[in-house]
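Below you'll find the structure, written out as structure tokens, and then a few comments.
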Amino acid sequence: MRLLLSAILLMLSCAAMAQPKSFNGSSSGTIGVYSVLSINFTNLTGVISFNTPNDYFNGITVNNSATIAVKSNVNWQVSVASQSSTFTPMSMGASADMPSSILAIRRNGYTSFTPLSVNGQTLKTGNRGPATTNGNTFDIDTRLDPGFSYSGGNYILGVVFTLTQQ
Amino acid sequence: MRLFLITYLLLLFVSEAQAQNGNNYLEVITNTGLNFNCNSPETLENDQTINGAITIRVRSRNNNCSVYAKLSSYTGPSGYMAFPYPIQLVYSSTNSSRAYGIVNAPLSLTTSDQLIFRQYSSNSVFNYYYNLRLKALGYTYPIGQYSFTILYTMTQP
């Protein structure tokens, strides 16, 4: 009986030693993901010239005057505004009161233009994603229609595109 | 009978002692903060690597050993999709002369154990150096704070 009990005890001992052993350690870390929004312009149209009477009668529309690409990890909106309420005359005799509203912008493929003012106006909204996400890259059209109220000359106007989180 | 009982108790004690003492152990040393920040297009579009991030110290005197790694915890803000996990363990180097079966390719961690190396039994303590990589998250990963814990397990047959 003793021998049997001893044998069982020895077997148990061996079994205890034969069990796979494991040892653990760990390391921890964090990932901080913050709002990231990026806007990029390409294919920008430069100087727009009024050379013929028809240019003044009808105004000038430049389709696809720029391509805007947005990358964002949050839903976004782009607004547009003029930097000042009037164009800045850059040549002798040019008018100092030509309003920014004679410059208007629209998304390519749409009919109505948005005349610019110093107050931001929404141009487009979109979903988070890279520039390749549907709707995150788009073209704009530009229209200038000063009529006959202002003197000939060179003018400049800053246009501000603002990309924000919705 | 007493002799066998004492022998049994001693064997049990030795067995337990072997699992806990300095003959066999795994130690994880975090050499720097394992923190990633994604706050610019570049950091969202490219992998980020913390070089020399982790040292795994192994002593396996009694037997050969295998070492595994897995994510034991991964949490994030509401709406995040955990899988695929963006954390990779990248083998850098070792001073071990007893290593074998080292996984050299970047290892994308999951919640299941994956082998990272094996080592023949040895009296020596050896170091294994690893970089930690965050795969580019892109622009669809929800913003917020994420945390993770990597669990390393050394097993002996």
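Evaluate the following for A:Leu37: is it of a type in the set (A, V, I, L, M, F, W, C), open to solvent by 30 Å² or more (accessible area, probe 1.4 Å) and within 10 Å of chain B (Cβ to nearest Cβ)?
On the way: of a type in the set (A, V, I, L, M, F, W, C): yes; open to solvent by 30 Å² or more (accessible area, probe 1.4 Å): yes; within 10 Å of chain B (Cβ to nearest Cβ): yes.
Here the answer is yes, as A:Leu37 does meet what is asked.
Return yes or no: is A:Ile60 touching a residue at least 40 places away in the same chain (Cβ under 8 Å), closer than 30 Å to B:Pro142 by Cβ, surrounded by 13 or more Cβ atoms within 10 Å (Cβ to Cβ) and more than 11 Å from chain B (Cβ to nearest Cβ)?
Numbers: touching a residue at least 40 places away in the same chain (Cβ under 8 Å): yes; closer than 30 Å to B:Pro142 by Cβ: no; surrounded by 13 or more Cβ atoms within 10 Å (Cβ to Cβ): yes; more than 11 Å from chain B (Cβ to nearest Cβ): yes.
Here the answer is no, as A:Ile60 does not meet what is asked.
Is it the case, given these coordinates, that A:Ser27 is without any contact (Cβ under 8 Å) to a residue 12 or more places away in the chain, within 11 Å of another protein chain (Cβ to nearest Cβ) and closer than 30 Å to B:Gly52 by Cα? Talk me through it step by step, then tell me what you get.
Working: without any contact (Cβ under 8 Å) to a residue 12 or more places away in the chain: yes; within 11 Å of another protein chain (Cβ to nearest Cβ): yes; closer than 30 Å to B:Gly52 by Cα: yes.
Against the criterion (without any contact (Cβ under 8 Å) to a residue 12 or more places away in the chain, within 11 Å of another protein chain (Cβ to nearest Cβ) and closer than 30 Å to B:Gly52 by Cα), A:Ser27 qualifies.
For segment B:136-157, what are the residues that are farther than 14 Å from B:Ala82 by Cβ and of a type in the set (A, V, I, L, M)?
Within segment B:136-157, B:Ala136, B:Ile143, B:Ile150, B:Leu151, B:Met154 meet the criteria.
What are the residues in segment B:93-105 that are open to solvent by 60 Å² or more (accessible area, probe 1.4 Å) and in contact with a Lys or Arg (Cβ under 6 Å, 6 or more places away or on another chain), if any?
Of everything in segment B:93-105, just one residue is open to solvent by 60 Å² or more (accessible area, probe 1.4 Å) and in contact with a Lys or Arg (Cβ under 6 Å, 6 or more places away or on another chain), namely B:Tyr100.
Considering only strands (runs of 3 or more DSSP E) fully contained in segment A:76-138, which possess at least 3 residues that are surrounded by fewer than 17 Cβ atoms within 10 Å (Cβ to Cβ)?
Numbers: elements: A:76-82, A:103-107, A:121-126.
In segment A:76-138, A:121-126 are the strands (runs of 3 or more DSSP E) which contain 3 or more residues that are surrounded by fewer than 17 Cβ atoms within 10 Å (Cβ to Cβ).
Hey, could you check segment B:80-138 for residues that are aromatic (Phe, Trp, Tyr) and more than 22 Å from B:Gly52 (Cβ to Cβ) and say which is nearest to the other protein chains (Cβ to nearest Cβ)?
Let us first name the residues in segment B:80-138 that are aromatic (Phe, Trp, Tyr), namely B:80, B:83, B:85, B:91, B:100, B:117, B:120, B:126, B:128-130.
Cutting the leftovers down to more than 22 Å from B:Gly52 (Cβ to Cβ) gives us B:80, B:83, B:100, B:120.
Values: B:Tyr80: 9, B:Phe83: 15, B:Tyr100: 19, B:Tyr120: 16 Å.
The residue in question is B:Tyr80.
Collect the residues in segment B:71-89 that are under 11 Å from the mean Cα position of the chain (by Cα) and either surrounded by 20 or more Cβ atoms within 10 Å (Cβ to Cβ) or not in a strand (DSSP E or B) (or both), keeping them in residue-number order.
The one that is under 11 Å from the mean Cα position of the chain (by Cα) and either surrounded by 20 or more Cβ atoms within 10 Å (Cβ to Cβ) or not in a strand (DSSP E or B) (or both): B:Leu89.
The values are calculated or read from the model by the stated rules, or taken from the named source; none is laboratory data. What you see is a predicted model, and the numbers here were worked out from it, not measured in a lab. Neighbour counts are summed over all protein chains in view; Cβ atoms, including those assigned to glycine, are modelled from backbone coordinates with ideal geometry. Only protein heavy atoms, including side chains, enter the accessible area calculation; ligands, DNA and RNA are left aside. Shrake-Rupley method; radii C 1.70, N 1.55, O 1.52, S 1.80 Å.
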